[in-house]
Amino acid sequence: MIMDIHQILTRLPHRYPFLLVDRVLELDKNQRVLALKNVTINEPFFGGHFPHRPVMPGVLILEAMAQAAALLSFASMDQDPGEDTVVYFAGIDAARFKRPVEPGDQLMIEARLLRAKSGIYKYSARATVDGELAAEAELMCTMRKIA
């Protein structure tokens, strides 16, 4: 399954400047997702992080991983979340940052579903640039209805 930006916008509640997935390249239900984030100098965080050497903040790389994982979860459940459902972090373990992500990079995000139990989803996630590991982490997320 492939998703363009229009399909992503129907599934994730995030919008500019916080939507961090541009395209889904591969998606195997209940298995894995491979998504793409084009990193441009126009990103609003680069003005302050850092003016002399722009670097994508690590927390936003983790957020991009979580957004890709959420797309995998929704597809695996064969449902669109609707406007009353959000996915929250329940935990982040073993986060490691291996290389900076800079303007002009294409961030490839892979998330693998490790476990889904009692509404808690656990993923192994990796972000790479040109095949080189930029970051990795284990993410735990949960879905909740909002009022």
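Points to keep in mind about this one:
- Qualifying residue in segment 89-97 (condition: under 24 Å from ILE146 (Cβ atoms), touching a residue at least 24 places away in the same chain (Cβ under 8 Å) and among the aliphatic types (A, V, I, L, M)): yes
- Being modelled with pLDDT under 95 and surrounded by 11 or more Cβ atoms within 10 Å (Cβ to Cβ) is a description that does not apply to VAL33.
- Any hit, segment 87-107, residues being crowded, with 18+ Cβ neighbours inside 10 Å, modelled with pLDDT of 95 or more, under 14 Å from the mean Cα position of the chain (by Cα) and over 21 Å from ILE8 (Cβ atoms): no
- Those residues of segment 11-30 which are more than 24 Å from VAL59 (Cβ to Cβ) and surrounded by fewer than 12 Cβ atoms within 10 Å (Cβ to Cβ), in sequence order: ASN30
- Of ILE61, ILE41, all but one fail to be at pLDDT 95 or above, of a type in the set (Val, Ile, Thr) and surrounded by 17 or more Cβ atoms within 10 Å (Cβ to Cβ); the exception is ILE61.
- Scope segment 108-141; condition of a type in the set (Gly, Ala, Ser), exposed (fewer than 13 other Cβ atoms within 10 Å of the Cβ) and touching a strand residue (DSSP E or B) at 6+ places or on another chain (Cβ under 6 Å); matching residues: GLY119
- ARG144 vs. criteria charged (D, E, K, R), exposed (fewer than 13 other Cβ atoms within 10 Å of the Cβ) and part of a strand (DSSP E or B): yes
- Selected residue (only one of ASP80, ASP105, ASP28 is of a type in the set (D, E, K, R) and farther than 22 Å from SER124 by Cβ): ASP80
- Matching residues, segment 70-86, being surrounded by 15 or more Cβ atoms within 10 Å (Cβ to Cβ) and either assigned to a loop (DSSP other than H, G, I, E, B) or in contact with a His (Cβ under 8 Å, 6 or more places away or on another chain) (or both): PRO81
- Among the residues making up segment 32-69, a single one is β-branched (Val, Ile, Thr), without any contact (Cβ under 8 Å) to a residue 60 or more places away in the chain and part of a helix (DSSP H, G or I): VAL59.
- The residues on offer are ASP84, ASP130, ASP80, and the sole one that is of a type in the set (D, E, K, R) and within 19 Å of VAL24 (Cβ to Cβ) is ASP80.
- Members of segment 92-107 that are at negative phi and touching a strand residue (DSSP E or B) at 6+ places or on another chain (Cβ under 7 Å): ILE92, ASP93, ALA95, ARG96, PHE97, LYS98, ARG99, VAL101, ASP105, GLN106, LEU107
The values are calculated or read from the model by the stated rules, or taken from the named source; none is laboratory data. No experiment lies behind these values; they were computed from the predicted model shown. We place every Cβ from the backbone using ideal geometry, glycine too, and count neighbours over all the protein chains shown.
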